[in-house]
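The values are calculated or read from the model by the stated rules, or taken from the named source; none is laboratory data. Note that the structure is predicted; figures quoted are calculated from it, not measured. Note that each Cβ is placed from the backbone with ideal geometry, even for glycine, and that neighbours are counted across all protein chains shown.
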Amino acid sequence: MLGTLVLGATVVLTAAQPAAAATPWLTVSDGFVSFRVPAADLESAFGAVSNVVVEGDFGPSFAVADLGLGRSGDAWTSVIGPLRPGLYRYRIRADGTKLLKDPTNATTVASDPTWSTFLVPGESASLLTDVPAGQGGALGTVDYRAGSGQTRSVTVWTPPGYDVRRQHPYPVLYLQGSRSDWLDLGRARQILDNLAVRRRIEPMVVVLGDGSTADLHQELYAIDRAVRRKYIIARDPAHRALAGASAGGTEVLRTVLTHPGEFAYAGSFAGPLTDGHLRIDGRAVNAGTRLLRLYAGNVTDPAYNPTHGTLRLLDRSGVRHDFDGVNPDDGHTWNAWRENLVDFLPRLFRPVHDHRPSAGHLPLTREFTTPAAGSRPTPWLTRDANGDTFVTVETGTEFAGAGRVTLWGNWAPGGSWVNVPLTRTGDRWRGTVGPLKPWFYYYKFIVDLVSHKDIGNPTHITTEPTWSTFLAPGRAARPLTDVPTGQGGTLATLTYTSTVVAAERTAYVWTPPGYDPARAEPYPVLYLQHGGGQNYTDWVEMGRAKQILDNGFRDGTHVPMVVVMGNGNVPDFGKELLDNIVPAARAAYHVSPDPARQALAGLSMGGFQALDILKAHPGEFAYIGTFSAGVFNSTGFDVGAVNSGTKLLRMYTGNVTDFVYPIVLSTMATFDSLGIRYEFAGVTPGPHGWDAWQKNLIDFAPRLFRSDGG
């Protein structure tokens, strides 16, 4: 049974847990997460829907982002991954405003009943798993009367082997924030249990409070008095610690700085001071504090700039403190705060010898600033100390009245696509996404479910008019980067007549630097085809074919060749290629008619077309490359002619997020059974998209025309 709650314009539905036999909407395998939401269940909850996403914290920096689902038969489906090991939360969002908890997932988030969680296992997430039954600590509840007169509660974790007759009271950590969130999202119990079982922390009692108090110091006095009645905890400051995340971390800092000497250990997880004029007695704080450690996420963390100010304030006040460094991979998220807790706990109630930042963390030397509102052009790229890029975008004022704006782009694992929500800033929307590794990225705005281009970005994609692009620089992106002026090949257009569609068509042609139409030996030629819904412009505008070819030639990895990118949107591609594109290329350029010096490759639809040519005209092209493509019918192949006339048949596919992945595997099994020789390039990380196909061309082009001395 579904219950309904209306929050503003958002409809929230929660569901009673189904019978155990219900098919899960979510499955996790090897880090890949598959969603399959029955359409009938959504229609039962909402009526007819036209847009369904999974909202979860699998965006860059573990930001909450929307993963679009596609209608496939009787369900809405998608796959994302591989995700890093860890805990994730998610919920279903339909038509922008309708939220639904996954009723097939028994996990809950008490602070928001629309969320469920799942764990991606792995060594780096081992502290988040349940310990064997009977080996962990215990949870209890203590009620207390708050300063406001309300009766409130805290949750208390006691370590394995907790001894009510212990001679020396247990040291105690007060962990601030929402206690339910620390348990549901912070996995505090699992972290404490695992660290205790592994003997990485001192035996201690941990009190999880609910925060949200005007005076934490006064609240802690009431909590401490109530907990002491039930548990054996230390009174002396040397055995008392205080920590919290976000607003809870801010309360912690304010408390230890204004009431020095009451807690010997303090940790603030992305909870900087918000009052830069706080009066601090540095000597008193240092005398009573053994450890004060601060934590922060990257530039997407709202605490980033305030943390910079807090660190400077502590320096000016003479307060000794540790800074864990900027977490380069995380923002203001529970993933970061779980890592902070894991770092902080082993430092408590024992001598601390290592005051360094965590491995890989970065210095915080200046605030993160972006241009003023209305600056053009966008986007704005910021490089971090480790070479990662963060991109900031801003809309114009035309979306001032929008209800929800997200930024869609290929920044999920392997180049998958997720929508990151933007924030309204005056009459514009703005957001920063990252960290992004060096590569080529494309994006668009989704404004109340409608796609729009970033008109502040001058780049354009002919077949995708709402897309914009940018290159995140770095060594790994070098094959996609423009070569210095004058060192690249020439890109020109070739007009030819298509007898298949009775119209003039256009192709792009790349010729290598130093191309000589009068040289004695004709150039080998690669015919490079696009995919469905695309045309001849896509390999240049999206595939970065010119940059890939220019860099390969400059590096000496490519044989000098001519590359023809024709238009494959015809009902008979074989006739179009052999009767129209090839003759036009031979007439306009000095290219070889020898099959041994001809290659054919394509992505998706273009790859299927290449395999059709291989079947119908074996030996016409000695080199064949298929990027995310296969065959459906094993009949009709002249195996002898294919093998004798083909020097290289190399097949590529994305990972399981590529919907053609099973077709490619099936095709290779077919070729094995027929005896057709081929090479499999291995799985290219990523979905059915340009991230994979660019890598495929980078790998394929250097293999061409080598065996014949070209």
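Summary of computed values
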quantity: Some residue of region 516-525 being touching a residue at least 24 places away in the same chain (Cβ under 8 Å), outside any loop (DSSP other than H, G, I, E, B) and either in the same structural domain as Arg554 (by TED's automatic domain parsing) or hydrophobic (A, V, I, L, M, F, W, C) (or both); calculated: yes
quantity: Residue match in region 76-83 (condition: polar (S, T, N, Q), in contact with a helix residue (DSSP H, G or I) (Cβ under 9 Å, 6 or more places away or on another chain) and surrounded by 18 or more Cβ atoms within 10 Å (Cβ to Cβ)); calculated: no
quantity: Matching option when the condition is acidic (Asp, Glu), under 30 Å from Tyr443 (Cβ atoms) and buried (at least 21 other Cβ atoms within 10 Å of the Cβ), among Asp555, Asp538; calculated: Asp538
quantity: Region 98-119, residues that are more than 21 Å from Leu192 (Cβ to Cβ) and β-branched (Val, Ile, Thr); calculated: Thr104, Thr114
quantity: Residue in region 390-408 that is free of Cβ contacts under 8 Å to residues at least 40 places away in the same chain and closer than 25 Å to Thr310 by Cβ present; calculated: no
quantity: Residue in region 116-135 that is without any contact (Cβ under 8 Å) to a residue 24 or more places away in the chain, farther than 30 Å from Thr77 by Cα, polar (S, T, N, Q) and not assigned by TED's automatic domain parsing to the domain that holds Val28 present; calculated: no
quantity: Residue list for region 275-297, restricted to those being over 30 Å from the mean Cα position of the chain (by Cα) and farther than 21 Å from Leu348 by Cα; calculated: Asp275, Gly276, His277, Leu278, Arg279, Ile280, Asp281, Gly282, Arg283
quantity: Subset of region 331-357 that is within 19 Å of Leu175 (Cβ to Cβ) and not in a helix (DSSP H, G or I) - its residue that is modelled with the lowest pLDDT; calculated: Val352
quantity: Qualifying positions in region 452-464 - buried (at least 18 other Cβ atoms within 10 Å of the Cβ) and in contact with an Asp or Glu (Cβ under 8 Å, 6 or more places away or on another chain); calculated: Ile461
quantity: Residue check, Ala138 in contact with a strand residue (DSSP E or B) (Cβ under 6 Å, 6 or more places away or on another chain) and either modelled with pLDDT under 95 or surrounded by 20 or more Cβ atoms within 10 Å (Cβ to Cβ) (or both); calculated: no
quantity: In region 163-179, residue surrounded by the most Cβ atoms within 10 Å (Cβ to Cβ) [restricted to those that are in contact (Cβ under 8 Å) with a residue 12 or more places away in the chain and under 17 Å from Arg229 (Cβ atoms)]; calculated: Tyr174
quantity: Matching entry among Val656, Val631 (being of a type in the set (A, V, I, L, M, F, W, C), in contact with a Ser or Thr (Cβ under 6 Å, 6 or more places away or on another chain) and either in the same structural domain as Gln534 (by TED's automatic domain parsing) or assigned to a strand (DSSP E or B) (or both)); calculated: Val631
quantity: Val525 at pLDDT 95 or above and over 30 Å from the mean Cα position of the chain (by Cα); calculated: yes
quantity: Test: residue in region 655-677 that is surrounded by fewer than 19 Cβ atoms within 10 Å (Cβ to Cβ), touching a helix residue (DSSP H, G or I) at 6+ places or on another chain (Cβ under 7 Å) and among the charged types (D, E, K, R); calculated: yes
quantity: Any hit, region 114-129, residues being surrounded by fewer than 17 Cβ atoms within 10 Å (Cβ to Cβ) and part of a strand (DSSP E or B); calculated: no
quantity: Candidates Gly619, Gly602 - the one that is modelled with pLDDT of 95 or more, closer than 25 Å to Phe440 by Cα and not polar (S, T, N, Q); calculated: Gly602
quantity: Pair list, Cβ < 6 Å and 6+ apart or interchain, from region 91-102 residues that are farther than 17 Å from Ala39 by Cβ to residues that are outside any loop (DSSP other than H, G, I, E, B) and acidic (Asp, Glu); calculated: Arg91/Glu55
quantity: Qualifying residues in region 362-381 (those that are in contact with a strand residue (DSSP E or B) (Cβ under 6 Å, 6 or more places away or on another chain) and modelled with pLDDT of 95 or more) - the one nearest to Arg312 (Cα to Cα); calculated: Leu364
quantity: Residue within region 73-89 that is farther than 20 Å from Ala412 by Cβ and out of contact with any strand residue (DSSP E or B) (no Cβ under 7 Å at 6 or more places or on another chain) present; calculated: yes
quantity: Count - residues of region 659-698 that are of a type in the set (Gly, Ala, Ser), touching a residue at least 60 places away in the same chain (Cβ under 8 Å) and outside any helix (DSSP H, G or I); calculated: 2
quantity: Qualifying position, being in contact with a helix residue (DSSP H, G or I) (Cβ under 6 Å, 6 or more places away or on another chain) and on the phi < 0 side of the Ramachandran plot, among Gly248, Gly282; calculated: Gly282
quantity: Residue satisfying all of: in region 35-71; over 11 Å from the mean Cα position of the chain (by Cα) and among the polar types (S, T, N, Q); surrounded by the most Cβ atoms within 10 Å (Cβ to Cβ) among these; calculated: Asn51
quantity: Top-ranked residue of region 22-34 - restricted to ones that are crowded, with 18+ Cβ neighbours inside 10 Å and over 17 Å from the mean Cα position of the chain (by Cα), ranked as nearest to Gly414 (Cα to Cα); calculated: Leu26
quantity: Number of positions in region 485-512 that are part of a strand (DSSP E or B), aliphatic (A, V, I, L, M) and touching a residue at least 40 places away in the same chain (Cβ under 8 Å); calculated: 4
quantity: Hits in region 52-90 - residues which are free of Cβ contacts under 8 Å to residues at least 24 places away in the same chain and in a strand (DSSP E or B); calculated: Gly70, Ser72
quantity: Number of the exception - Arg36 against (1) within 23 Å of Val420 (Cβ to Cβ); (2) in contact with a strand residue (DSSP E or B) (Cβ under 7 Å, 6 or more places away or on another chain); calculated: (1)
quantity: Selection count, region 130-170, where residues are among the small types (Gly, Ala, Ser) and not in a loop (DSSP other than H, G, I, E, B); calculated: 3
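Residues are listed down the side, and each one gets a yes or a no for (1) in contact (Cβ under 8 Å) with a residue 60 or more places away in the chain; (2) surrounded by fewer than 19 Cβ atoms within 10 Å (Cβ to Cβ); (3) in the same structural domain as Asp330 (by TED's automatic domain parsing):
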{"site": "Arg428", "(1), (2), (3)": "no, yes, no"}
{"site": "Gly431", "(1), (2), (3)": "no, no, no"}
{"site": "Pro435", "(1), (2), (3)": "yes, no, no"}
{"site": "Val450", "(1), (2), (3)": "no, yes, no"}
{"site": "Thr466", "(1), (2), (3)": "no, yes, no"}
{"site": "Thr469", "(1), (2), (3)": "yes, no, no"}
